[in-house]
1. Can you list the lysines whose alpha carbon is less than 27 Å from that of residue 42, not counting same-chain residues fewer than 8 positions off?
2. Contour minus end-to-end for residue 145 and residue 102, with contour as 0.36 nm per residue of separation and end-to-end as the Cα-Cα distance?
3. Compute the normalised compactness of region 5-198: alpha-carbon radius of gyration over 2.2 N^0.38 Å, N being the residue count.
4. Note down the relative contact order for the chain as a percent, whole number, built from C-alpha pairs under 8 angstrom at least six residues apart.
5. Which whole number in µm²/s is D for region 90-190 by Stokes-Einstein, with the Kirkwood Rh taken over Cα pairs at 10 °C and 1.306 mPa s?
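Readers should treat all values here as calculations from the given coordinates under stated rules, not as data from a laboratory. Please read these numbers as outputs of a predicted model, since none were measured by experiment.
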Amino acid sequence: MPETTNALYQHDQLVATRQMFKLVGAAFRVTTPDGRLLAYSKQKAFKLREDIRVYADESQTQELLYIQADRIVDFSAAYKVTDSQTGEPLGALRRKGWSSMVRDTWELLDAEGNVRGQVIEDSTWKAIVRRTVDWAGLFLPQLYLLQVDGQTVATMKQNFLGFPPKFTVDLRHDGDGLLPRPLAIAAVILLLAIEGRQA
């Protein structure tokens, strides 16, 4: 059984997995490390602008978050994150297109559109190796740092060999609550959906 919305945002460790062998669109499951379902996400297929919904469970009866790109071309798109329950804008993640050609880099924006931090691959040389050496990505899993106001508050680590595509999220360093949990959920789903698709 899924946990409540509040419980989804109270966990310091999460696992997000991309569902394999889905013919149309993409789907993602967010669980606790021991496998309890916290949320289910679905990316609509054949949309000119990315459209990703996050639900309380796989029945998709309770929508929690809505993620939508602000433009058709996603090279440097901003993905707005909205609370589906209240309609309140929560912030956005904006892909830094040219920077991400070498090293995946996203900006974290607050609800007013101010840049508050970033999501970035752990090192430039590892990023280059992953992009230039065949199969390197399988044996050199990606590690993303989530930084807010200059502090690293969380990490997202890809699983070894990358099958199925999965990230373990660790928010234990965010003792001051600098990173809104809905943005953390949106970030890991976007990394699986956007960067994973381009790998």
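1. Here the lysines satisfying the reach criterion relative to residue 42 are 22, 80, 96, 157, 166.
2. In short, 13.9 nm is gained.
3. With N residues counted in region 5-198, Rg over 2.2 N^0.38 Å equals 0.95.
4. On the way: 431 pairs, mean separation 32.1, N = 199.
Contact order relative to length: 16 percent.
5. Details: Rh = 14.0 Å.
Value of D from the Cα-based Kirkwood radius: 113 µm²/s.
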